[in-house]
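Reading through the structure tokens given below for one structure.
The values are calculated or read from the model by the stated rules, or taken from the named source; none is laboratory data. Treat the numbers as computed from the prediction; the structure is a model and nothing was measured. Ideal geometry is used to build each Cβ from the backbone, glycine not excepted, and the neighbour counts take in all protein chains shown. To get the accessible areas, we keep the full protein, side chains included, count just its heavy atoms, and leave off ligands, DNA and RNA. Shrake-Rupley method; radii C 1.70, N 1.55, O 1.52, S 1.80 Å.
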Amino acid sequence: MFQSGIPFHETGNFKSHRTFLPDDQYGIALDNLVKGCTDILLLSPPQTKPTKIFTGRRIVQPQPDWWFIGGRIFPGETPVQSAQRLLSRELNLDISSSRFHPVCAQAFAFEMREQEPKHHGTTDVQFCLKVRLESEEEVRKVVLDEKEYGEWEWKE
């Protein structure tokens, strides 16, 4: 599958066996695996000049600061499917897959993480995708997930 500029290769009939891991088990997994993430560079509508970028102040590790909206990719998801799920969960937005465009792929090594032992940190690989909101009406639909973000703003 080729979706929004990021190849996704699936052999056979992959079926995810993802399950919720309690924090202690997830912490062990983070000590041994690199986590895949999708972050979304959300742009203001075309009529907004200059273009602004939506950011939220995260209240959880590994990045309790201003950041793009995003999070983990689930097994079997394409980066775009992950971005769609995350925008729906974190901002209450339903965005068509055709509107996403790749920006970059990069890796992070964070000193801290949310799960114990927090000081073990976490390592992530990130796909960053951008999407432009189409109207002020779409901007008004944004409802931030208060469990992850304390505040938000549109930055120039």
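Using the Cβ atoms and a cut-off under 14 Å, what net charge is assigned to the surroundings of S88, where Lys and Arg are +1 and Asp and Glu are -1? With Lys, Arg at +1 and Asp, Glu at -1, the net is -2. Which of the three applies to segment 1-47, rounded, prolate or oblate, going by the alpha-carbon gyration tensor with a ≥ b ≥ c and a/c under 1.5 meaning rounded? Because a/c hits 1.5 or more and a/b fails to exceed b/c, segment 1-47 counts as oblate. Pairs from the list K15/K147; K35/K147; K49/K118; K15/K130 with a Cα-Cα gap above 32 Å: K49/K118. Computed 3J(HN,Hα) for segment 8-13, one whole-Hz value per residue from the Karplus formula 6.51 cos²θ - 1.76 cosθ + 1.60 where θ = phi - 60°, is 10, 10, 10, 9, x, 10, glycine and proline marked x. With unit charges on the beta carbons (Lys and Arg positive, Asp and Glu negative) and the dipole taken about the Cα centre of the chain, which residue among G5, T38, N92 sits farthest to the positive side? Final value for the positive-end residue is G5. Each Lys and Arg adds +1 at its Cβ and each Asp and Glu adds -1 at its Cβ; summed about the Cα centre, the chain shows a dipole of about 380 debye.
Would you mind telling me the share, in percent, of accessible area of segment 107-156 contributed by carbon and sulfur at probe 1.4 angstrom? C and S fraction of accessible area: 48 percent.
Rounded if a/c is under 1.5, else prolate if a/b is larger than b/c, else oblate: which is segment 14-156, with a ≥ b ≥ c the root eigenvalues of its Cα gyration tensor? The shape class here is prolate. The order of the peptides 110-116, 43-49 by mean Cβ neighbours within 10 Å, most packed first, is 110-116, 43-49.
Summing Lys, Arg as +1 and Asp, Glu as -1, what charge do residues with Cβ under 14 Å from the Cβ of L30 carry, L30 excluded?
On the way: positive: K35, R72, R113, K118; negative: D23, D24, D31, E111, E114, E116, D124.
Its environment carries a net charge of -3.
Solvent exposure of segment 58-135, expressed per residue, is 48 Å² of accessible area, with all protein chains present and a 1.4 angstrom probe.
Ranking Q63, H120, L133 by how far each Cα lies toward the positive end of the dipole of segment 1-155 (charges on Cβ) leaves L133 at the top. Once Rg and the Kirkwood radius are both taken over the C-alpha atoms of segment 95-148, their ratio Rg/Rh works out to 1.12.
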